[in-house]
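A.B. asks: The following block contains the structure, expressed as structure tokens.
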Amino acid sequence: MGLFNVTHPAFFLLTGIPGLESSHSWLSGPLCVMYAVALGGNTVILQAVRVEPSLHEPMYYFLSMLSFSDVAISMATLPTVLRTFCLNARNITFDACLIQMFLIHFFSMMESGILLAMSFDRYVAICDPLHYATVLTTEVIAAMGLGAAARSFITLFPLPFLIKRLPICRSNVLSHSYCLHPDMMRLACADISINSIYGLFVLVSTFGMDLFFNFLSYVLILRSVMATASREERLKALNTCVSHILAVLAFYVPMIGVSTVHRFGKHVPCYIHVLMSNVYLFVPPVLNPLIYSAKTKEIRRAIFRVFHHIKI
């Protein structure tokens, strides 16, 4: 009869924050502000890197990739989140849900790969500065960006098919205002062990390894910096890493928090789980442009020039 000839609902019903339905209209305002900051801030950084010749360097090319992935994640969640909170329009078709699920996971994993590439950039800049220009050429930077995208696509390509093979008949109500693989597979009235094992494999082999190599790169950077004689040189070198460290923390701390709550917080109210998941998806795109514009004077100058030209 075919692998995917199973029961699927015509549509899913999305949920805002369970137990806080009466506050959805109040929450729509802050959500709109967060989307405006995420989309506006990251778009300005993309434009600044594009038009400012002084930012045509490896560090800022990677930053533009990070901003692109933040814009993409925000755009992937924006339609259903705003429809749910602002219009109380909760339905989404099965196929549209699969597409949104893939896009959210794809760009989230891509962002993790880009953060790893940025840590490599900082490692080479501090530990092997004489070969920085020869190691991180334009071709190498492009290959690293394409590699992060290719890894995400190849790794996550099976997910929609793993969902489609499951008969979903327990319910059609999802616990978020967007579609995620763990949320969808729990609605199946069949064995989901393959989905669970593959999801854990993806989590450990990509996000887990990226986090490990980010940590390792900073261990090596710290060892190299501590070997320098001058205190001023140490502070100068470490200061170039502050923005990236904050971006890594903004991305991985909410992710670890979500995983911990889901695994050990069985008796925690449902709205806490949902709020943590929302923090994981919404906070990094909002914080990243603020972090880099606040901590990197070259970015601030470029943004000022962009707005100055727009005024003229």
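A.B. asks: Where the centroid of each part is defined by its Cα atoms, how far is region 3-43 from region 219-243 in Å?
C.D. replies: So the two Cα centres are separated by 42 Å.
A.B. asks: Consider just the alpha-carbon atoms of region 1-126 and return their Rg together with their Dmax, both in angstrom.
C.D. replies: Spelled out, the Cα radius of gyration and Dmax of region 1-126 are 18.9, 60 Å.
A.B. asks: Still on this model: Compute the Rg to Rh ratio over the chain from the alpha carbon atoms, using the Kirkwood formula for Rh, and round to two decimal places.
C.D. replies: Values: Rg = 21.1 Å, Rh = 21.0 Å.
Here Rg/Rh amounts to 1.00.
A.B. asks: Once you've got the GNM for the chain with C-alpha springs shorter than 10 Å, pick whichever of PHE107, PHE120, PHE212 has the biggest mean-square fluctuation.
C.D. replies: Looking only at PHE107, PHE120, PHE212, the biggest GNM fluctuation is shown by PHE212.
A.B. asks: What residues have an amide H closer than 5 Å to that of ASN91, excluding those fewer than 5 places away on the same chain, when H is modeled at 1.01 Å from N in the peptide plane?
C.D. replies: Counting only residues 5 or more places away or on other chains, the set is LEU14.
A.B. asks: With Kirkwood's inverse mean 1/r over C-alpha pairs for Rh, give me the Rg to Rh ratio of region 81-168, two decimals please. Could you put the intermediate results ahead of the total?
C.D. replies: Values: Rg = 18.9 Å, Rh = 15.8 Å.
Across region 81-168, the Cα-based Rg/Rh ratio is 1.19.
A.B. asks: Would you mind computing, in nm to one decimal, how far apart the modelled labels at VAL33 and VAL135 are, each placed 7 Å from Cα along Cα→Cβ?
C.D. replies: Rounded to a tenth, the inter-label distance reads 4.2 nm.
A.B. asks: Once the dipole of region 1-133 is set up with Lys and Arg at +1 and Asp and Glu at -1 on Cβ about the Cα centre, which of SER74, SER108, SER64 lies farthest towards its positive end?
C.D. replies: It is SER74.
A.B. asks: For helix 58-86, what angle does its Cα long axis make with the longest principal axis of the chain, in degrees from 0 to 90 and rounded to 10?
C.D. replies: Helix 58-86 sits roughly 30 degrees off the main axis of the chain.
A.B. asks: Counting helices only, and only those DSSP H runs with n ≥ 4, report the 222 nm mean residue ellipticity of the chain as the sum of -39,500 (n - 2.57) divided by its residues, in deg cm²/dmol to the nearest 500. Don't skip to the answer; put the middle values down first.
C.D. replies: Numbers: 13 runs with 227 residues, N = 312.
My calculation for the chain gives -24500 deg cm²/dmol from helical runs alone.
A.B. asks: Can you work out ³J(HN,Hα) from phi for every residue in region 15-22, in order, using Karplus 6.51 cos²θ - 1.76 cosθ + 1.60 and θ = phi - 60°, giving whole Hz and x for Gly and Pro?
C.D. replies: For region 15-22, the Karplus-derived couplings read 10, x, 10, x, x, 10, 4, 5 Hz, x marking Gly and Pro.
A.B. asks: Compute the long axis of helix 94-127 from its Cα atoms, compare it with the longest principal axis of the Cα atoms of the chain, and write down the angle in degrees, 0 to 90, nearest 10.
C.D. replies: On a 0 to 90 degree scale, this one is about 20.
A.B. asks: Residues with amide H under 5 Å of VAL173's amide H, sequence separation 5 or more or different chain, H placed in the peptide plane at 1.01 Å from N; which?
C.D. replies: Amide H neighbours of VAL173: LEU13.
A.B. asks: Which whole-number value in Å² is the accessible area per residue of the chain, probe 1.4 Å?
C.D. replies: For the chain, the solvent-accessible area averages 50 Å² per residue.
A.B. asks: Continuing with the same structure: Please identify every one of the trypsin sites (Lys or Arg not before Pro) in region 177-258 that sits in a loop by DSSP and has no more than 13 other beta carbons within 10 Å of its own beta carbon. Let's see the in-between values first.
C.D. replies: Numbers: sites: ARG186, ARG223, ARG231, ARG234, LYS236; in loops: ARG186.
Taking region 177-258 and a limit of 13 other Cβ atoms within 10 Å, no loop trypsin sites (Lys or Arg not before Pro) are found.
A.B. asks: Something else about it: First compute the accessible area of the chain with a 1.4 Å probe, then give the percent of it belonging to carbon and sulfur atoms. Write out the running numbers ahead of the final one.
C.D. replies: Details: 11160 of 15750 Å².
Taking all protein chains in place, the chain shows 71 percent carbon and sulfur surface.
A.B. asks: Please list 3J(HN,Hα) in residue order for region 286-302, calculated via the Karplus relation 6.51 cos²θ - 1.76 cosθ + 1.60 where θ = phi - 60°; whole Hz, with x for glycine and proline.
C.D. replies: Per-residue couplings from phi come out as 7, 6, 4, x, 5, 4, 6, 6, 7, 9, 10, 5, 5, 5, 4, 5, 5 Hz.
A.B. asks: Simple spin-label model, 7 Å along Cα-to-Cβ: VAL268 to ILE194 in nm?
C.D. replies: 3.1
A.B. asks: Follow-up. Grab the chain and count how many Lys pairs have their alpha-carbon atoms under 27 Å apart, sequence gap of 8 or more, or different chains.
C.D. replies: Values: LYS236/LYS295; LYS236/LYS297; LYS295/LYS311; LYS297/LYS311.
Value for the chain: 4.
The values are calculated or read from the model by the stated rules, or taken from the named source; none is laboratory data. Since this is a predicted model, take the numbers as computed values, not measurements. Cβ sites come from the backbone with ideal geometry, for glycine too, and all protein chains shown count toward neighbours. With ligands, DNA and RNA removed, areas are computed over all heavy atoms of the protein, side chains included. Shrake-Rupley method; radii C 1.70, N 1.55, O 1.52, S 1.80 Å.
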